[in-house]
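So the structure is just underneath, and the comments pick up after that.
The values are calculated or read from the model by the stated rules, or taken from the named source; none is laboratory data. The structure displayed is predicted, hence computed values, not measured ones. Cβ: placed from backbone, ideal geometry, glycine included. Neighbour counts: every protein chain shown. Note: areas computed on protein heavy atoms with side chains; ligands, DNA, RNA excluded. Shrake-Rupley method; radii C 1.70, N 1.55, O 1.52, S 1.80 Å.
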Amino acid sequence: MISVVIPIYNEEENLPALRTRMTSALDSTNEPWELVLVNDGSRDRSLEMLRQMHAEDPRIKVISLSRNFGHQPAVTAGIHFARGDCVVLIDGDLQDPPEVIPELVAKWKEGNQVVLAERRSRADGGARGIGFKLFYPILRRVTDLPSAPDAGIFGLMDRRVVQEFNKLPERNRFIPGLRSWLGFRTTSVLYDRQDRAAGKPKQTLPKLLKYAMDGMISFSYKPLRWVTMLGFFVAGVTFLTALVYVILFFALHRQAGSGFFTLLVSILFLGGVQLISIGILGEYIGRIYEEIKQRPLYVVQDKLGFE
Ligand code: UDP
Ligand code: MG
């Protein structure tokens with residue numbers, strides 16, 4: 001059986017098209033399937049429509065979270081409840097075309113355990129588009145991950161991989177990174193990422209920034225190392241400057257000049273360096289705090305279609 005996990009947050013305009021396109025794409029694989037739709041605390045008519053869809057087709061199952069927990073927790077909830085031999089993750093706004101799923105399934109049947117859907121092109125324009133384009137190359141640079149292809153959550157995981165995925169307890173989740181960290185036999189399929197079918201992006205800029213930070217910080221200590229290096233650099237420059245002043249004083253009997261601006265600039269510079277360093281440390285400490293609280297990642301209010 002194929003499971004498809006879709007996070008849904010205020011997607012009432014997209015649900016009807018999502019359902020028809022999903023159903024025909026999945027039927028074309030000739031395998032039994034289930035749709036696991038995770039309602040992430042929608043405030044529009046999404047939940048009502050999901051209930052209706054479940055009533056009409058029991059293969060459509062619904063998990064409703066008690067509030068908006070965010071994209072990654074919602075997807076994680078769906079993965080926990082999915083029962084298929086493989087699990088496909090896909091966004092609910094039709095940016096990832098459901099018609100690619102049969103290709104993913106075909107690659108899976110060839111014996112691949114992870115099939116990523118990589119973006120050949122994307123339709124996101126403006127600042128968002130530039131941000132997305134920059135993010136993956138930066139991520140590849142910063143992280144110690146074996147690979148960080150230009151892929152979001154869209155892709156397929158075999159049951160074996162899902163089993164291991166479900167053992168990962170962390171709260172600050174960056175699913176593409178976790179999937180790549182897990183390894184297994186991986187291949188990818190190329191597709192053209194579309195524009196959102198309807199509605200506004202539900203991942204607001206702050207949410208996306210947090211997501212990007214999660215990606216870098218949960219997979220790398222490099223920012224901490226950079227802070228150390230910055231410290232050595234500043235210390236080195238300070239030492240050299242001091243040396244120059246000592247030489248000037250003793251060899252050439254020259255006193256240091258008035259130096260008001262030098263003083264001002266160096267104090268401000270050091271202040272800046274320290275604040276940046278504390279900020280980077282804080283990003284790590286905040287995440288340690290989140291992990292240590294051991295709160296669950298999401299709270300389920302309602303389930304439809306699960307025994
Ligand atoms: N989503 C969610 N919870 C959120 C934000 C988004 O479940 O807090 C869902 C949303 O309904 C959509 C998917 O996650 O199905 C991707 O969201 P969006 O298209 O806004 O993100 P982007 O394409 O900008 O990454
Ligand atoms: Mg989207």
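List residues of the range 6-28, by number, whose backbone nitrogen lies under 17 Å from a label position 7 Å along Cα→C-beta of Arg43.
Residues 8-13 qualify, since their backbone N sits under 17 Å from the label point.
Say the dipole of the range 1-136 comes from +1 at the beta carbon of Lys and Arg and -1 at that of Asp and Glu; which of Pro73, Pro97, Ile8 then lies farthest toward its positive end?
Pro73
Around Pro296, under 13 Å between beta carbons, what's the net of Lys plus Arg minus Asp minus Glu among the other residues?
Residues close to Pro296 contribute a combined charge of +2.
From largest accessible area down, sort Thr241, Thr29; use a 1.4 Å probe on the protein chains.
Order by accessible area, largest first: Thr241, Thr29.
Could you size up the charge dipole of the range 170-307 around its Cα centre, putting +1 on the beta carbon of Lys and Arg and -1 on that of Asp and Glu, and report it in debye to the nearest 20?
The calculated dipole for the range 170-307 is roughly 200 debye.
What number does the range 125-177 give for Rg over Rh if you use C-alpha atoms and the Kirkwood radius?
1.03
With only Lys, Arg, Asp and Glu charged, each at its Cβ (+1 for the first two, -1 for the last two), find how big the charge dipole of the chain is about the Cα centre; round to the nearest 20 debye.
With Lys and Arg at +1 and Asp and Glu at -1, about 980 debye.
Would you mind computing the Rg to Rh ratio of the chain from its alpha-carbon coordinates, Kirkwood style for Rh?
Over the Cα atoms of the chain, Rg/Rh equals 1.14.
At 222 nm, what value in deg cm²/dmol follows for the chain if DSSP H runs of at least 4 each add -39500 (n - 2.57) and the sum is divided by all its residues, to the nearest 500?
-16500 deg cm²/dmol
So what is the orientation-averaged projected area of the range 216-307, using the convex hull of its C-alpha atoms, in nm²?
Averaging across all directions leaves 10.1 nm² for the Cα convex hull.
Report the charge-dipole magnitude of the range 1-159 in Debye, nearest 20, computed about the Cα centre from +1 at each Lys and Arg Cβ and -1 at each Asp and Glu Cβ.
400
What does the charge count near Lys222 come to, summing +1 for each Lys or Arg and -1 for each Asp or Glu among other residues with Cβ under 9 Å from its Cβ?
+1
Report the extension gain between Phe250 and Leu224 in nm, rounded to one decimal, defined as 0.36 nm multiplied by the number of residues separating them, less their alpha carbon distance.
Length difference between fully extended and current span is 5.4 nm.
Can you list residues from other chains, or at least 5 along the same chain, whose modelled amide H is less than 5 Å from the amide H of Leu168?
Residues meeting the criterion, in which the H sits 1.01 Å from N, do not exist here.
What FRET efficiency comes out for the pair Thr29/Phe232, r = Cβ-Cβ distance, R0 = 51 Å, nearest 0.05?
The pair Thr29/Phe232 has a calculated efficiency of 0.35.
Quick one: ranking Tyr245, Tyr298 by accessible area, 1.4 Å probe, largest first, what do you get?
The most accessible residue leads, giving Tyr245, Tyr298.
In the neighborhood of Asn172, defined by Cβ-to-Cβ distances under 14 Å, what is the net charge if each Lys or Arg adds +1 and each Asp or Glu adds -1?
Taking every Cβ under 14 Å from that of Asn172, the sum is +2.
Report in % the part of the accessible area of the range 46-153 that belongs to carbon and sulfur, leaving out ligands and nucleic acids; probe 1.4 Å.
Answer for the range 46-153 is 54 percent, counting heavy atoms of protein chains only.
Please give the contour-minus-distance gain from Arg83 to Tyr289: 0.36 nm per residue of separation, less the Cα-Cα distance, rounded to one decimal in nm.
Once the chain is fully extended between Arg83 and Tyr289, it gains 70.9 nm.
When only Cα pairs under 8 Å and 6 or more residues apart are kept, what is the percent relative contact order across the chain?
Worked out over the chain, it gives 23 percent.
So if R0 is 41 Å, what FRET efficiency would Ala127 and Arg59 give, r being the distance between their Cβ atoms, rounded to the nearest 0.05?
That gives a FRET efficiency of 0.55.
Can you bin every Cα-Cα distance in the range 1-96 into 5 Å intervals starting at zero and give me the percent of pairs per bin, rounded to whole numbers?
3, 15, 27, 28, 19, 6, 1, 0
Over the alpha-carbon set of the range 8-64, divide Rg by the Kirkwood Rh and report the Rg/Rh ratio to two decimals.
0.97
Between the range 181-207 and the range 45-98, what is the C-alpha centre distance in whole Å?
Each part reduced to its Cα centre gives a spacing of 15 Å.
List the aspartates and glutamates whose Cα lies under 16 Å from the Cα of Lys210, skipping any in the same chain that are fewer than 8 positions away.
Glu170, Glu283, Glu290, Glu291
State, to one decimal in nm, how far the label point of Ile276 lies from the label point of Arg67, with both points 7 Å from Cα in the Cβ direction.
Computed distance between label sites Ile276 and Arg67 equals 3.6 nm.
Go ahead and run the numbers for FRET between Leu268 and Asp195, Cβ-Cβ distance against an R0 of 35 Å, rounding to 0.05.
According to the calculation, E is roughly 0.20.
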